[in-house]
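Trainee: Would you mind keeping the following structure in view while I ask a few things?
The values are calculated or read from the model by the stated rules, or taken from the named source; none is laboratory data. What you are looking at is a predicted structure, and each value in this text was computed from that prediction instead of being measured. Virtual Cβ from ideal backbone geometry, glycine too; neighbours counted across all protein chains shown. Calculation scope for accessible area: heavy atoms of the full protein, side chains included, ligands and nucleic acids excluded. Shrake-Rupley method; radii C 1.70, N 1.55, O 1.52, S 1.80 Å.
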Amino acid sequence: MTQAEIKLCSLLLQEHFGEIVEKIGVHLIRTGSQPLRVIAHDTRTSLDQVKKALCVLIQHNLVIYQVHKRGVVEYEAQCSRVLRMLRYPRYIYTAKTLYSDTGELIVEELLLNGKMTMSAVVKKVADRLTETMEDGKTMDYAEVSNTFVRLADTHFVQRCPLVPATENSDPGPLPPAPNLVINEKDMYLVPKLSLIGKGKRRRSSDEDATGEPKAKRPKHATDNKEPSPDDGIYWQANLDRFHQHFRDQAIVSAVANRMDQTSSEIVRTMLRMSEITTSSSAPFTQPLSSNEIFRSLPVGYNISKQVLDQYLTLLADDPLEFVGKSGDSGGGMYVINLHKALGSLATATLESVVQERFGSRCARIFRLVLQKKHLEQKQVEDFAMIPAKEAKDMLYKMLSENFMSLQEIPKTPDHAPSRTFYLYTVNILSAARMLLHKCYKSVANLIERRQFETKENKRLLEKSQRVEAIITSMQATGAEEDQLQEIEEMITAPERQQLETLKRNVSKLDACEIQVDETIFLLESYIESTMKRQ
């Protein structure tokens, strides 16, 4: 757990949940698993506040708990899960791309609330969509429910573990903490709900949907709320499935850049066919026959079976080895080598960083050492056709930044420099780890800069929000154009210009965060895949 990761976790927790939750979360990240009273003592926070903070963190899957033999419950922070909050906009945008606005709002609600029942999500999303529709139009619950079922079928949402029924009916003493379990085959099983109704528009705060003031409503009307039919069955976003989708998109994009659009469409089809059957951590996809791939190609692609076989042979013979041949039955069995693909993407990222930081000549040396595995300084100069002095400077520069490493091979046991070979090599795994650390630092700096920009212009932003609120309320009451113009003029021209600059800067910083996170995702995926193979 590096300092850069802890700092980034701290910033993300503070931004999403506030100071108290951030204090408890960072304390658990630094110290590891701890019982409740020790957390309260060490953080000098009241027991009640610690309990509330832990409730929030457990609700959002950021903290797990376990019961020890002595019956003590210990809480442990999930640092990797905290860092996933950085990727929330990307998850939501992916849901929008695949399942339109309804899918976007379902995933957004699940991410914002951590865990929710299906009926609660459907009602909330239907209400939000109705708000954005024209007057007289409403969103049907059934339509939202259908999108939810599609998300569950493609594993983008999954059930949360439950307390087993036997534990509830057991008359003996209750355990210190519930033991949550879930059957794997029930993980994506959607309960049969007959949700009938439409989304409702929000009324003024003092009236309910019937138009009746709160004060006049009978008290029992709010108390006797019937439990929903799916009460106790909670759902959460399946982040691993989103990561699988991002990885597949990166592979398809890499194939399109290297070869052509048809090749990328064939690879996309193979990935789509095996997306549910292949686990997100598998090094290969399930073997697929040429005939199966041909039948599953999109309708628009009118390529013959012979052309498809030629493309598959080309892909299998490519030096990057994204696609491999695993057998000859069914016209040839093909797999996608996910580990090799991630390795190629991570290597390309490292090459790109070297080129941007040190120039094209350094990138040439880097690629050369990658290709030849081990080279002496003299060999680098000869192969790269770069003068000795420049080559030496570039090699030492990359060595000092940990993009390269030096391996000593002594001829004699005394390791005398005159009788030792010094070979330059690239350890992709350690270089990827180093770059990942720099990425975490960059994102933390971007978040701090965005917060500073917003804090510096806090007064102006508040003024702008007040003016917008006044204009909206006046438009609702049917105010004249002159009155609206007068209110708008409360913000002067220099202030307006300052606001424009602030919005432009903040949107640039947001875009940078998302771009750096894409690099983080590729590097994390490669490191995780490599560690599983070792």
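Trainee: Do you know which of the residues in segment 373-432 that are open to solvent by 80 Å² or more (accessible area, probe 1.4 Å) and in contact with a helix residue (DSSP H, G or I) (Cβ under 7 Å, 6 or more places away or on another chain) is modelled with the lowest pLDDT?
Mentor: Result: Lys411.
Trainee: Tell me which residues, restricted to segment 318-348, are out of contact with any Lys or Arg (no Cβ under 9 Å at 6 or more places or on another chain) and acidic (Asp, Glu).
Mentor: Answer for segment 318-348, where residues must be out of contact with any Lys or Arg (no Cβ under 9 Å at 6 or more places or on another chain) and acidic (Asp, Glu): just Asp328.
Trainee: Is one or more of the residues making up segment 415-422 aliphatic (A, V, I, L, M), farther than 16 Å from His374 by Cβ and assigned to a helix (DSSP H, G or I)?
Mentor: no
Trainee: Right, something else. Do you know which residues across segment 446-476 are open to solvent by less than 90 Å² (accessible area, probe 1.4 Å), part of a helix (DSSP H, G or I) and under 16 Å from Asn505 (Cα atoms)?
Mentor: The answer is Leu446, Ile447, Glu448, Arg450, Gln451, Glu453, Thr454, Leu460, Leu461.
Trainee: Restricting to segment 66-103, name every residue that is part of a strand (DSSP E or B) and either of a type in the set (A, V, I, L, M, F, W, C) or crowded, with 18+ Cβ neighbours inside 10 Å (or both).
Mentor: Within segment 66-103, Val67, Val73, Glu74, Tyr75, Ala77 qualify.
Trainee: Could you figure out which of (1) farther than 30 Å from Gln158 by Cβ; (2) crowded, with 16+ Cβ neighbours inside 10 Å isn't true of Asn61?
Mentor: The one condition Asn61 does not meet is (1).
Trainee: Right, another one. Determine whether segment 21-32 contains at least one residue that is open to solvent by 40 Å² or more (accessible area, probe 1.4 Å), β-branched (Val, Ile, Thr), within 12 Å of Glu76 (Cβ to Cβ) and out of contact with any strand residue (DSSP E or B) (no Cβ under 6 Å at 6 or more places or on another chain).
Mentor: Within segment 21-32 (the criterion being open to solvent by 40 Å² or more (accessible area, probe 1.4 Å), β-branched (Val, Ile, Thr), within 12 Å of Glu76 (Cβ to Cβ) and out of contact with any strand residue (DSSP E or B) (no Cβ under 6 Å at 6 or more places or on another chain)), the answer is yes, since at least one residue qualifies.
Trainee: Considering only segment 128-140, how many residues are surrounded by 19 or more Cβ atoms within 10 Å (Cβ to Cβ) and under 28 Å from the mean Cα position of the chain (by Cα)?
Mentor: Adding up the residues that qualify gives 1.
Trainee: Considering only segment 237-291, how many residues are part of a helix (DSSP H, G or I), under 24 Å from the mean Cα position of the chain (by Cα) and surrounded by 15 or more Cβ atoms within 10 Å (Cβ to Cβ)?
Mentor: 22
Trainee: I've got another one for you. Could you list, in sequence order, all residues of segment 318-338 that are at pLDDT 85 or above and either in a helix (DSSP H, G or I) or basic (Lys, Arg) (or both)?
Mentor: Leu338
Trainee: Next question, about the same structure. Go through (1) touching a residue at least 60 places away in the same chain (Cβ under 8 Å); (2) open to solvent by 50 Å² or more (accessible area, probe 1.4 Å) and name the single condition Asp153 misses.
Mentor: (1)
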